[in-house]
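What follows is a single structure, written as structure tokens, with notes after it.
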Amino acid sequence: MSTRTQSFKDMKSEFSADPINKAAYDELAPECAVNSAMIKARAEAGLTQAELAKKAGITQAQVSRLESGQWPTPATIEMLALALGKRAELRFV
């Protein structure tokens, strides 16, 4: 049995070649963008999940779940934004 090593970029291209896979991936893009923005903002602030949680008044487990894909409530987004020294913005483009 041989093992094939493949880069993430190549795997994504291969996965996206199937129209059904691409549609499913594209459907998740907005959620992934929110999660990525939250992780990026936390990293830029130099905070751990526990530190952000304490500043925002939520638990570290909640921060972890939000960064892993759980959709946050508007109130939670606002608490996180304030804790990060940012403001939350929702736009329809």
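The values are calculated or read from the model by the stated rules, or taken from the named source; none is laboratory data. What you see is a predicted model, and the numbers here were worked out from it, not measured in a lab. So basically every Cβ, Gly included, is an ideal-geometry build from the backbone, and we count neighbours across all protein chains shown. Heads up: the accessible areas ignore ligands, DNA and RNA and are worked out on the full protein's heavy atoms, side chains in. Shrake-Rupley method; radii C 1.70, N 1.55, O 1.52, S 1.80 Å.
A few remarks follow.
- Scan of the range 1-53 for residues that are of a type in the set (Gly, Ala, Ser), free of Cβ contacts under 8 Å to residues at least 24 places away in the same chain and part of a helix (DSSP H, G or I), ordered by number: Ser13, Ser16, Ala23, Ala24, Ala29, Ala33, Ser36, Ala37, Ala43, Ala50, Ala53
- Here Leu28, Leu66, Leu47, Leu52 are screened, and the one residue that is within 16 Å of the chain's Cα centre (by Cα) and open to solvent by 60 Å² or more (accessible area, probe 1.4 Å) is Leu28.
- Pairs with Cβ under 8 Å, 6+ apart, first in the range 81-92 and modelled with pLDDT under 90, second of a type in the set (A, V, I, L, M) and not in a loop (DSSP other than H, G, I, E, B): Ala88/Ile77; Ala88/Leu80; Ala88/Ala81
- Screening Lys40, Lys12 for residues that are open to solvent by 70 Å² or more (accessible area, probe 1.4 Å), among the basic types (Lys, Arg) and at pLDDT 90 or above leaves exactly one candidate, Lys40.
- Members of the range 69-92 that are exposed (fewer than 15 other Cβ atoms within 10 Å of the Cβ) and among the small types (Gly, Ala, Ser): Gly69, Ala75, Gly85
- Of the residues making up the range 9-25, just one is out of contact with any helix residue (DSSP H, G or I) (no Cβ under 9 Å at 6 or more places or on another chain) and closer than 30 Å to Ala81 by Cβ, namely Ala24.
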